[in-house]
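Let me begin by presenting the structure, written as structure tokens, before commenting on it.
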Amino acid sequence: MVGLARALRGQGLKVAVFKCGPDYLDPTYHVRAAGRPCHNLDAWMMGREALLGTFNRACTDADIALIEGMMGLFDGAAAATDEGSTAEIAKWLSAPVMLVVDASGIAHTLAAIVHGFIEFDHNLRIAGVFCNRLGSQGHLELLRASGSQAPVLGGLPVDQALVFPERHLGLRTADEVAVPDSIFGRLGEAVSEWCNLTAIIEAANAAPPLECELSIAQQPAATPTCRIGIALDEAFHFYYEYNLVLLQKFGAELVYFSPISDRNLPDVDGIYIGGGYPEMHAEALAGNRSMREQIAGFAANGGAVYGECGGLMYLSSGITTLEGRYFPMAGVIPGQTIMHERLQALGYVEVETETDSVIGPAGLHFRGHQFRYSELKPLTDRNWAYRMTRHFDGRVMPEGYHLRNVLASYVHAHWASNPAIAERLVAVCTRIATNRKHTDP
């Protein structure tokens, strides 16, 4: 996907990029490859209307759209159906599918693989095949002559120079220090050499026109009534673009700041600290005492604070790393975060709020997911914010922390499942802004 986006840009095309599923890491690569924002398309969390609206909005000025799937084509939120899968999204969008196949050591077998996918679901259009782990150009030609019912549009050979670095959560984020721009260039050149770009463009052009209603995220933004600080740096960068757009639509001016490098909290009425890798930057976060103390004071004085996963970790009293080192954090939440080698939670969740908070009243429902290697060990009793149901096994469990205008949990929420969350958060921040104007001399 990254190489294809670069190659198509090299053809002079504006490329809109999307990622299926609840993924924050791959989109950082897509942004750099395409030179524009990457939008998540998650059928289970967003629903059809919001997903179609997001796709439509992001494609407004694009020449071609590339959507990277997740897992297998039919894998998603259920084991026995295509609910929440790449296949479901492709059908909602009437999008042609380019099947990615590990072609190492095969030739005629490719025809059987492609036949199986075509026959499995006749409502999908398999427009072509992309063959990974090629042995040579001769191997590619054998695959093209394999008798596949869908044309082989190209592929890539095994090449360690085209491999991205990984860490314990999978890929590293695509920051320029860890992932130099040269690898994007090499991928683009490789795709241009090994793939039939003309045929790929023709397959995309064969998609029928898409009709969808105007979504909330496509409506004109309201005049700003408050300022919400968005933590954004190496430690915090897991945000759904949809969530941020909703905040703006309901009247928030977004002000970005870095808990790592900024010494002062900007003049804001609310703070949103998303997920990321605070454990990887715990020493730097702890070293910025000024920011930690200002965020703690902001929360103590009634400022609206919303944190997700990494944000929860930063708002805790401190982080204990895998090496056993302890680093103090903001201390807003009375408990410490402990990192583990093994995964602590993974998967979709449905949430019902247990208390009134900055995102809405008790009884509010929304969808999200968890993916974490840490746990919060409370030092004192606390009020649970959420009643959370895990989608894959139906297990119900408490989650989240709520105190005054502070709300934080391990759940990455997608607000397309309940846009009223963004509306309520903006309303709370607007009320805080209004009160400040009345009390400031």
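Toward the positive end of the charge dipole of the chain, with +1 on the Cβ of Lys and Arg and -1 on the Cβ of Asp and Glu, the farthest Cα among L41, Y306, G274 is that of Y306.
Sorting the segments 238-249, 397-408 by their residues' average number of neighbouring beta-carbon atoms within 10 angstrom, most packed first, yields 238-249, 397-408. Cβ-Cβ distance of S182 and N123, R₀ of 25 Å, FRET efficiency by 1/(1 + (r/R0)^6): the value works out to about 0.05.
For K249, the lysines whose Cα comes closer than 27 Å to its Cα, not counting residues fewer than 8 places off in the same chain, are K14, K19, K437. Under a 5 Å amide H cut-off, with hydrogens placed 1.01 Å from N, E68 pairs with F18, K19, C20 among residues at least 5 apart or on other chains. Remark on I333: its backbone amide H falls under 5 Å from those of S316, S317, a criterion applied only to residues 5 or more positions apart or on other chains, H modelled at 1.01 Å from N. Between the C-alpha center of the stretch 234-271 and that of the stretch 360-410 there is a gap of 22 Å.
The alpha carbon centroids of the stretch 315-358 and the stretch 12-74 are separated by 29 Å.
Just checking the listed ones, S316, S104, S374: in the Gaussian network model of the chain with Cα springs under 10 Å, the one fluctuating most is S104.
Residues considered: F120, F55, F236. Largest GNM mean-square fluctuation over the chain, using C-alpha springs under 10 Å, is found at F120.
Below 8 Å between Cα atoms, with a sequence gap of 6+, how large is the relative contact order for the chain in percent? Relative contact order, the chain: 12 percent.
Taking the solvent-accessible surface of protein heavy atoms with a 1.4 Å probe, what is the per residue accessible area of the chain in Å²? Dividing the accessible area of the chain by its residue count gives 43 Å². A crude spin-label estimate for the pair A79 and A145, with each label 7 Å from Cα along the Cβ direction, gives 4.4 nm.
Would you work out if the stretch 245-381 is rounded, prolate or oblate? Take a ≥ b ≥ c from the square roots of the eigenvalues of the alpha-carbon gyration tensor; rounded if a/c is under 1.5, else prolate when a/b is larger than b/c, oblate otherwise.
Because a/c hits 1.5 or more and a/b fails to exceed b/c, the stretch 245-381 counts as oblate.
Any idea what the relative contact order of the stretch 69-121 is, in percent, if you count C-alpha pairs under 8 Å spaced at least 6 apart?
For the stretch 69-121, the relative contact order is 19 percent.
Working note: 222 nm ellipticity from helices only, DSSP H runs with n ≥ 4, each -39,500 (n - 2.57), summed and divided by the residues of the chain, gives -9000 deg cm²/dmol to the nearest 500. Between Q11 and A300, the simple label model (points 7 Å from Cα in the Cβ direction) yields a spacing of 5.9 nm. Cys residues of the chain that find no other Cys beta carbon under 4.7 Å: C20, C38, C59, C131, C195, C212, C309. Relative contact order (percent) for the stretch 234-322, with alpha-carbon contacts under 8 angstrom and 6 or more residues of separation? Taking the mean separation of contacting Cα pairs over the length of the stretch 234-322, I get 37 percent.
Note on N264 and Q344: with the Förster distance fixed at 51 Å, the Cβ-Cβ geometry gives a FRET efficiency of about 0.90. Placing one equal scatterer on every Cα of the chain and applying the Debye formula, the log10 ratio I(q)/I(0) at q = 0.05, 0.10 Å⁻¹ is -0.19, -0.75. Once a ≥ b ≥ c are taken as the square roots of the eigenvalues of the Cα gyration tensor of the stretch 54-107, is the result rounded (a/c under 1.5), prolate (a/b larger than b/c) or oblate (a/b not larger than b/c)? Oblate, since a/c reaches 1.5 and b/c is not below a/b. According to a simple spin-label model (label point 7 Å from Cα along Cα-to-Cβ), what is the distance in nm between R436 and L210? Each label point is offset 7 Å from its Cα along the Cβ direction, giving 3.8 nm.
Farthest toward the positive end of the dipole of the stretch 334-373, out of F366, T355, H340, is the Cα of H340, where the dipole comes from beta carbon charges about the Cα centre. Rounded to the nearest 20, the size of the Cβ-charge dipole of the stretch 274-351 about its Cα centre is 180 debye, with Lys and Arg at +1 and Asp and Glu at -1. On the beta carbon distance between S104 and W384, with R0 = 41 Å, the FRET formula returns roughly 0.25.
Structure remark: mean-square fluctuation, Gaussian network model of the chain, C-alpha springs under 10 Å; the largest value among T223, T28, T355 belongs to T223.
The values are calculated or read from the model by the stated rules, or taken from the named source; none is laboratory data. Nothing here was measured: the structure is a model prediction, and the numbers come from that model. Methodologically, a virtual Cβ is constructed for each residue, glycine included, from the backbone with ideal geometry; neighbour enumeration extends over all protein chains shown. The protein model used for the area step is the full one, side chains on, heavy atoms only, and it has no ligands, DNA or RNA in it. Shrake-Rupley method; radii C 1.70, N 1.55, O 1.52, S 1.80 Å.
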